[in-house]
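Below: one structure, written as structure tokens.
The values are calculated or read from the model by the stated rules, or taken from the named source; none is laboratory data. Everything numeric in this text was worked out from a predicted model, so none of it was measured. Every residue, glycine among them, receives a Cβ derived from its backbone with ideal geometry; neighbour counts consider all protein chains shown. The accessibility values were calculated without ligands, DNA or RNA, using every heavy atom of the protein model including side chains. Shrake-Rupley method; radii C 1.70, N 1.55, O 1.52, S 1.80 Å.
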Amino acid sequence: MLDQLQRIVVTGGAGVVGAHLTDKLLERGDEVICVDNYYTGSKRNILHHLDNPMYEMMRHDVTFPLYIEADRIFHLACPAAPIHYQHDPVQTLKTSVHGSINMLGLAKRLGIRILQASTSEVYGDPNVHPQEESYWGNVNPIGIRSCYDEGKRAAETLFFDYHRQHGLEIKVARIFNTFGPRMHVNDGRGVSNFIIQALRGEPITIFGEGLQTRSFCYVDDLVNGLIALMDSPADVTGPINLGNPHELTIRELAESIIDMTGSGSKLTFEDLPQDDPMQRRPNIDKARDLLSWQPTVSFEEGVRKTIDYFDAHLSGNQHPTKPVGHA
Ligand code: NAD
Ligand code: UDP
């Protein structure tokens, strides 16, 4: 644990994970500087902190250098949903590569610790299951997911080269599918689409036959894992998987959501997007051993909270999220 006030930079702090992380950091007494260009993030996610003197918001694109003073950096800036990161693939790749170089440069100048929000997408369409950190992955370098997957892989390379070459203290988290309140209404992801479709009584759009699997982690659990990794001893660099090993087919996901919402929605089947991974489940032994971390929120509990969020959102009790790319 930290024994004095820390000024913590959260890039991507207006996004889903960044906003939940910010809540927790402020709650424990840290000062937070959010660095975000609102590409997919929203002011709505952080509105409740704008009057807090311990919180500061900087509208800034991480593909440009940044000169500020801080004690630690959580580097989360990057669109995460496929339709978001495919909207402007060149910018996505720039965000991962130029953005990481700039944030690593900032950490190097200040001599501070930096954590990278990497992803299970570095494993691509994995032919090892469940995925452990020693697996190098199976990624298409030229497909429609590559701007994200290869960008995150290059970012991992940069983190480890800064560590080896400049002795920088790094932490690399490989985050598996995460869900929860503040997800974008229009991000096209499985959990958000299915909940919204179920609440509206619309057909549930299954891509392919729905036999592909994912393992969904509730956002609070993920945030606890990110903080545990950041606060771990210096020799714990990762990469380290953070996710919930509870694996479901996409069809099972849809059926659970229909059950839990009591919806009359029926399944409808559409083409599977190119390079959509067939299976995905984290091996989290390393996180258990090195961070004493594991998820504690059940899938049902997490989905229930997310349904309540979207229910309130759709009934107009919260403001809708803007489309991607518009600040
Ligand atoms: P998100 O899209 O909600 O948040 C990303 C934030 O980064 C947004 O606020 C966006 O405006 C900001 N951003 C994007 N490009 C930027 C730029 N060039 N400069 C400054 N800010 C920029 O996504 P999220 O779900 O909160 O994901 C956060 C991080 O975690 C991302 O790096 C993502 O790759 C990683 N991750 C997320 C998941 C998941 O399932 N949510 C899984 C694996 C990894
Ligand atoms: N998916 C689906 N219908 C949708 C949205 C997504 O069947 O309306 C599938 C998608 O093809 C993928 C899985 O759900 O196999 C998870 O997709 P998501 O975008 O949530 O995450 P990712 O593909 O990045 O793991």
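Students sometimes get this wrong: rank S215, S134 by accessible area, probe 1.4 Å, all chains present, largest first.
Working: S215 0, S134 85 Å².
Descending order: S134, S215.
Over segment 1-105, what percent of the accessible surface lies on carbon and sulfur atoms, probe 1.4 Å?
About 53 percent, which is the carbon plus sulfur part of the accessible surface.
Taking the Cα atoms of segment 181-327 alone, what are Rg (to one decimal) and Dmax (as a whole number) in Å?
16.8, 52
Given a 1.4 Å probe, how much area per residue of segment 129-196 is accessible, in Å²?
Numbers: 2640 Å² over 68 residues.
Dividing the accessible area of segment 129-196 by its residue count gives 39 Å².
About its Cα centre, how strong a charge dipole does the chain have in debye, to the nearest 20, once Lys and Arg get +1 and Asp and Glu get -1 at the Cβ? Please list the in-between numbers first.
Working: 30 positive and 42 negative charges, 110 e Å.
In debye, rounded to 20, the chain gives about 540.
Considering the zone a paramagnetic label at F207 would reach in this model (a point 7 Å from Cα along the Cα-to-Cβ line), which residues of segment 120-144 have amide N under 17 Å from it?
120-126, 139-144
Of Y39, V17, Y309, which is farthest along the charge dipole of the chain in the positive direction, counting Lys and Arg as +1 and Asp and Glu as -1 at C-beta?
Towards the positive end, the residue furthest out is Y39.
Given the chain, report the % of alpha carbon pairs whose separation exceeds 36 Å. Could the numbers behind the result be given before it?
Numbers: 6956 of 53301 pairs.
That tail contains 13 percent of the Cα-Cα pairs.
Kindly flag which residue pairs out of K266/K286; K108/K305; K43/K152; K152/K266; K24/K266; K43/K108 have an alpha-carbon separation exceeding 31 Å in this structure.
Values: K266/K286 40 Å; K108/K305 40 Å; K43/K152 25 Å; K152/K266 36 Å; K24/K266 38 Å; K43/K108 29 Å.
In this structure, K266/K286; K108/K305; K152/K266; K24/K266 lie more than 31 Å apart at Cα.
Connecting C-alpha atoms closer than 10 Å in a GNM of the chain, tell me which of R28, R174, R44 has the biggest fluctuation.
Of R28, R174, R44, the Gaussian network model singles out R28 as fluctuating most.
Straight distance only, please: which aspartates and glutamates reach the Cα of K171 with their own Cα at less than 14 Å, same-chain residues fewer than 8 apart left out?
E133, E156, D161, D231, D235
Using a simple spin-label model with points 7 Å from Cα along the Cα→Cβ vector, what separation in nm is obtained for D235 and K24?
Using points 7 Å along Cα→Cβ, the separation is 2.6 nm.
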